[in-house]
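Every number here is computed from the coordinates shown, using simple stated rules; none is lab data. This structure is a prediction, so every number in the text was calculated from the model and none was measured. Positions of Cβ are backbone-derived with ideal geometry, glycine not excepted, and every protein chain shown enters the neighbour counts.
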Amino acid sequence: MLILECPYCGVKAEETELAPGGEAHLKRFGPGSPDEDFEAYMFARKNPKGVHFERWRHAYGCGKWFLAARCTATLEVFGTYPAQTTEPPADIVAKIMAKRPDWKGYK
Amino acid sequence: MSTRLAKGGRLIDRAAPQDFTFNGKRLRGFKGDTLAAALLANDQMLVGRSFKYHRPRGIVASGAEEPNALVNMGEGGRFEPNQRTTTTELFDGLTCTSQNHFPSLEFDIGVLNNYAARFLPAGFYYKTFIHPRAAWKHVFEPIIRQSAGLGKVPKDRDADRYEQAYAFCDLLITGGGIAGLQAALTAGKAGKRVWLMEQTAHWGGRAPVDGVEIDGTPAEAWVKNAVQALEAMENVTMRLRCMAAGSYDHGYVLADEKVADHTPGDGRPRHRLWRIRAGQIIAATGAIERPLSFAGNDIPGVMLAAAMRDYLVNWAVAPGDRTVVVTNNDDAYRTAIALKEAGLEVPVILDARATVTGDLPAKARALGIRVEAGKAIAKVKGGKRVTSVAICAQAGQGAVLEEIACDAVAMSGGWSPVVHLWSHCGGKLNWDAAQAHFAPDPARPPLNHDGSALVVTAGAASGVLLAGDVLANATAAAGGDVAPVASGPVEAAMEPVWVMPQGATIDLRMKMWLDYQNDVKVSDVQLAAREGYSSVEHTKRYTTLGMATDQGKLSNINGLAVLADSLSSPIPQVGTTTFRPPYTPVTFGALAGEARGDIFQPLRQTPIHAWHEAHNAYFEPVGLWRRPYCYPRPGETHEQAVHREVVNTRTNVGLLDASTLGKIIVKGPDAGKFLDMLYTNVMSNLGIGKCRYGLMCSEQGFLSDDGVVARIDEDTWLCHTTSGGADRIHAWMEDWLQCEWWDWQVYTANVTEQFAQIAVVGPNARKVLEKLGGMDVSKEALPFMQWADGEMGGFRVRAYRISFSGELSYEIAVPASEGRAFWDALVTAGAEFGMMPYGTEGLHVLRAEKGFIMIGDETDGTVIPQDLNLGWAISKKKADYLGKRGQERPFLASPDRWKLVGLETLDGSVIPDGSIAPAPGTNANGQRNTQGRVTSTYYSPTLKRGIAMGLVKGGLSRVGETIEMTRLDGSTLQVKIVDPVFYDKEGEKQNV
Amino acid sequence: MSKVASALGGARYDGFAHVREIGPLGMISLRAKPDVTGLAEAVTAVTGCPLPAQRRVELAGGNVAGWMSPDEYLLIVPYDGVKAALATLAEKLAGQHHLAVDVSDARAVFRIEGDKAAEVLMKLAPVDHATLEPGELRRSRAAQVAAAFWQQDGGYTLVCFRSVAGYVMGLLRHSAQSGAELF
């Protein structure tokens, strides 16, 4: 039962107020895109034991989608940030690097 | 015999006698007793029968670890099996019965298993019930089911109520012994928001029983002062009778508060489940004494040494007149001393250690108690009660040196920290060889959201057992530096003893119980090891060691030590089994909380619900909505009612509560562009005042929802969704707007519940509305697939000319608060036109007759619109829409795809639901090939024959063919492929 | 008989706290970003309240303006005043991207009153009341459904969807029973 702070309303929301949305920072591929790109967009999901970026919706709160960086093994949360972000913010990346020196980056 | 002493008992109130019954026998105890203490005070040592061998069993422990003394508590709506007498507070009028015997506790026929014990070893079930194969289902399983399970299942509805509550704190301290109190004092003074909980009804834990002195005062007085000091702190919340059941991610803890177990029927909730979020958890959960494994260690009268001391000091109950103490440590001497000082006999203390030094043995000797070093119990004699013990050397094979008469045995095999809350969420353990127990490894704690230690242990739970160490450890755990000083005797080191005597023969080992509740013996674990079970987790499951309701609180360490010995492996290498919540069983009522009866789940009701109920509606669930399926009249079956409703709608006029239909407002300069992405067809060019049917697909291209879209004004559209789809589609829209196209100027609002929407359907529909009076609803003023705002019978309405039945049809929306009044007005206006309400099943039949698809019937997440002949609703011009790329995948264009057709039997009968069409040959898995299936099938009262829709390979290109379909029972029928529109193919009726 | 009916017709329950269904109230869901020109003036014109900041609720007489999300506000006015309020909003926000929609009938509203009113909510919503400030609007869930509540007039006002009003009344009744006080 995670607690994630919603970056929009500032509520430290427990998991029962949230809805999960899978992996974050996916790029959409539309009509005419190569099969490999579409396959990656649709089906290829990371499932790391360690640092992971996820989509969450504050479903029972302000209704906004946000992104979270956390460790799937220890459940440590490195930070949450707005969904209108195309890649992990520098401060969160720096925090992860400090705590997980072996981390290879989000791509 | 076991008796109440004339004096003493720190927890009982002798002025408040409490009457209770056990197996119908009227007994008396005192306020403050546990049920176990009261039973012992009445010489009721035999309290149950064991699970497998039905051996007589007595009370072993004094707390949550008790494996034997489980009873059926209460009667009727308050009946509950498997209640531990050691944690049940006595109250006046308590009734209980013993479990697991037939016909009676004293004479139990199941004890025959005991004599056959040699033939019921570990893994007996797996070895025995394999052949012949059919026998499992018809012979073995019914017999095993008959004898399996502890206690009886409650038959009546629970008479009590339960609730849950959320709590938040900086620090949750579980355990109200001196460690927990000291941690709470430390953190409380530091200003932290503290919750302190204790599973029993008393603060202080073991220290007052053990005669500890703290800061020069008796522990009892120190505890009293500590509790007073804590009660005076506003930042500290204290709860008795509150058991922390489990710890979970990010400081989530479930705790079961037994609010009214001891005061049944007083109007309070029986249990309250606290759902706590703690910044940090201090587990001050103490330690549990281990039994010793000697032959006959399960005979009633054999108890844990500390438990016997509890009964003596707390409740003035002496479990025996002559008690032999057997131990591998100094602590058990406290029991011998307490018994002696209470005037009871202690014929001998058998100490497995070769040399016995230390203050406590010296004091025992000084009191004249015989102390035998290096000695052990060869065997306890007795049946339903201990009669004597045979003594032997611990070092030997069990040759009897002497037999000593006694009626009780106090045993102590050392202490194991209660590490459950530490381990539940990932804390790791170290093996402490000196104390022969697993203790938390502070270097590997469970982690919190910020990577810090989520749980720390305090006191005995950390593996420190002496009072002074306990207080110092607890102070440090709470971040303090000045601990109270406790004084007590110096204790010599314990010595691990896993089997007594060390070289016991198989005859003895077959009578050494490890797990009392599941009847697992030393010989069973050794057999498992010989048969190749080297993993402790496998051995647990094979032997059932530690799998009973006590979850091995007494047996796990002893069992894994025996396993390690059998495997010649070190204990830490064998490891422990996993600790899982709950710590002790939590009643289902508490887990359900308020969610039972009417509020089991949130059933959604339309504003017209009460009318449906009053008119005998038979309801069906649609998501969480309850919608009328049909309105049976007296003497009508549901099927007859549906047929009547359909026929009446086709010939006169029907009334449908369509309020559940999803309604989402989409507005903004980019709303048209957005809807063009969302729907497969074009919505941006829809004229104001017009309606258009649209399809929504997932990114894979599969059909997800459908509905009619209305253009409200220049930048506003209203999207209707399916009844079950409103929340999902609204969330889908928001997902795209927030996460992909966040620069588009579009706002959405889910206004589903703002409106009651009522469909007036059938040839007389217009007449009804005209009777109601108001806005012009003529064909010219309000043509098919248009909408208009207006006034109707004095109501503000929005009327849509849309049809899901093929009939002349209006869907009229009014504010929900006026929905019931508007429905009533329609019912009145429609009376003279033969109007009847119809339900969802009628709606289904009407739409199936017209060949209209239903999301969830014709779709299942693998169907694209093209499969349903809905290619006309897919824009070829648009560069992009959600699902377009998915639909470009070649396999979705295959001519072999299953596509929508109509189906009908040759004889007019109804094709059964679930029928499939087999095809020649088999697939790669050897299964029969198929070429289609039925998706919707009904009796059409309009056409007076069965009609169906289905997905069939090749689709409409095969119209006219007859294929074979298989019913669920395997029989076959001949089915003709036809056009899916069965009624009014030209659509003349709806456009009038 | 008025044709306008609240979800539960003003149901009441008296336990250790007092629960009653009120309404219908006039409610408007206003979606706009806070930097929209004239937004604060429009909200004040309709409710008499200033534009609420993050998680705040502003009260003026019986009117309410609550912050629901970074681009959503809940405005409460008399039930009969919604049409005029929507007209005012349309006028004040003309030309600005926004959505103002009547949700008066889509909601049920409850009052929970008494010294221990907060304890009723503590049983239903995973909300830390010690950190809930006066004047804070909290959106959360009440057991299994969405709900929003705030302190008002010495008690709490709770808003939920109309279709689950019966369920929420059942929750409140269960949680407010005498003998079930938490502290």
Shielding of B:161-171 by partner chains, average beta-carbon count, 10 Å: 5
Kirkwood estimate for the protein assembly as shown, i.e. one over the average of 1/r between Cα atoms, Å: 35.3 Å
Rounded if a/c under 1.5, otherwise prolate or oblate - the stretch B:662-752, Cα gyration tensor axes: rounded
Whole-Hz couplings from phi, Karplus 6.51/-1.76/1.60, listed for the stretch B:738-754; x for Gly and Pro: 7, 10, 10, 10, 6, 8, 7, 8, 9, 10, 10, 8, 8, 10, 3, 8, 5
Theoretical ellipticity at 222 nm over chain C - DSSP helices of four or more residues, -39500 (n - 2.57) apiece, nearest 500: -6000 deg cm²/dmol
Stretch gain in nm, segment B:Thr930-B:Asp266, where the contour uses 0.36 nm per residue and the Cα spacing is subtracted: 232.7 nm
Long pairs among B:Lys779/B:Lys989; B:Lys127/B:Lys521; A:Lys12/A:Lys49; B:Lys127/B:Lys384, criterion Cα-Cα beyond 21 Å: A:Lys12/A:Lys49; B:Lys127/B:Lys384
Scaled radius of gyration (Cα, divided by 2.2 N^0.38 Å) that chain B gives: 1.24
The stretch B:1-99: relative contact order as a whole-number percent, Cα under 8 Å and 6+ apart: 31 percent
Protection proxy ranking of A:97-104, B:938-945 - average other beta-carbon atoms within 10 Å, highest first: B:938-945, A:97-104
Per-residue average of Cβ from other chains inside 10 Å of C:102-108: 6
Proximal lysines relative to C:Lys33, as straight alpha-carbon distance under 22 Å, when same-chain residues fewer than 8 apart are discounted: A:Lys64, B:Lys667, B:Lys673, C:Lys92
Radius ratio Rg over Rh of chain C, counting only Cα atoms, Kirkwood formula for Rh: 0.98
Calculated [θ] (222 nm, deg cm²/dmol) that DSSP helices of n ≥ 4 give over chain A, each run adding -39,500 (n - 2.57): -4500 deg cm²/dmol
Whole-Å distance, taken between Cα centres, linking the stretch C:61-115 and the stretch B:239-256: 41 Å
For the stretch B:26-104 versus the stretch B:760-791, the gap between their alpha-carbon centres in whole angstrom: 74 Å
Mean Cβ neighbour count within 10 Å, used as a protection proxy, ranking B:735-743, B:922-930, B:645-653 highest first: B:645-653, B:735-743, B:922-930
Label-point gap, in nm, between B:Glu740 and B:Ile916 - each point 7 angstrom along Cα→Cβ: 3.3 nm
Within a Gaussian network of chain A (alpha carbon springs, distance under 10 Å), most fluctuating of A:Pro34, A:Pro82, A:Pro48: A:Pro34
B:Ile288, B:Ile688, B:Ile916, B:Ile173 arranged by Cβ crowding within 10 Å, fewest neighbours leading: B:Ile688, B:Ile916, B:Ile288, B:Ile173
Antiparallel bridge percentage (DSSP; both residues within chain B; nearest 5): 75 percent
Efficiency of FRET from Cβ geometry, B:Asn685 and B:Asn923, R₀ 56 Å, rounded to 0.05: 0.75
Reachable lysines from B:Lys953, criterion Cα separation under 18 angstrom, eight or more residues apart if same chain: B:Lys899, B:Lys976
Within straight-line cross-link reach of B:Lys340, lysines at Cα separation under 20 Å, skipping those fewer than 8 residues along the same chain: B:Lys7, B:Lys363
Nonlocal amide H pairs with B:Ser940, under 5 Å, H built at 1.01 Å: B:Arg945, B:Gly946, B:Ile947
Intensity falloff of the stretch B:3-112 expressed as log10 I(q)/I(0), Debye formula with alpha-carbon point scatterers, at q = 0.16 Å⁻¹: -0.68
Label zone at B:Ala229 (point 7 Å along Cα-to-Cβ), backbone N below 20 Å, the stretch B:462-487: B:467-487
Spacing of the two label points (7 Å from each Cα toward its C-beta) at A:Ala44 and B:Asp359, in nm: 7.1 nm
Value at 222 nm in deg cm²/dmol, rounded to 500, when DSSP H runs of n ≥ 4 in chain B each add -39,500 (n - 2.57): -6000 deg cm²/dmol
A:Lys12 versus B:Ala201: modelled label distance in nm, points set 7 Å from Cα along the beta carbon direction: 3.7 nm
Alpha-carbon centroids, the stretch C:25-58 and the stretch B:679-749: separation in whole Å: 27 Å
Per-residue Cβ neighbour rank within 10 angstrom, fewest leading, B:Leu105, B:Leu508, B:Leu150: B:Leu150, B:Leu105, B:Leu508
Shielding score for B:447-458, defined as the mean number of other chain Cβ atoms within 10 Å: 3
Segments B:840-850, C:40-50, B:566-576 sorted - mean Cβ within 10 Å per residue, highest first: B:840-850, C:40-50, B:566-576
Cβ-Cβ FRET estimate between B:Arg728 and C:Gln96, R0 fixed at 25 Å, reported to 0.05: 0.25
Relative contact order (%) - the stretch B:499-569, alpha-carbon pairs under 8 angstrom, separation at least six: 31 percent
Length-normalised contact order of chain B in % [C-alpha pairs under 8 Å, at least 6 apart]: 9 percent
Gaussian network model of chain A, Cα within-10 Å springs - most flexible of A:Phe78, A:Phe53, A:Phe29: A:Phe29
Theoretical gain in end-to-end length, B:Asp857 to B:Phe119 [0.36 nm per residue, Cα-Cα removed]: 260.0 nm
Long-range HN-HN contacts of B:Gln18 with modeled amide H, under 5 Å: B:Gly29, B:Phe30, B:Lys31
Length added when fully stretched, B:Ser104-B:Glu531, from 0.36 nm per residue minus Cα-Cα: 150.0 nm
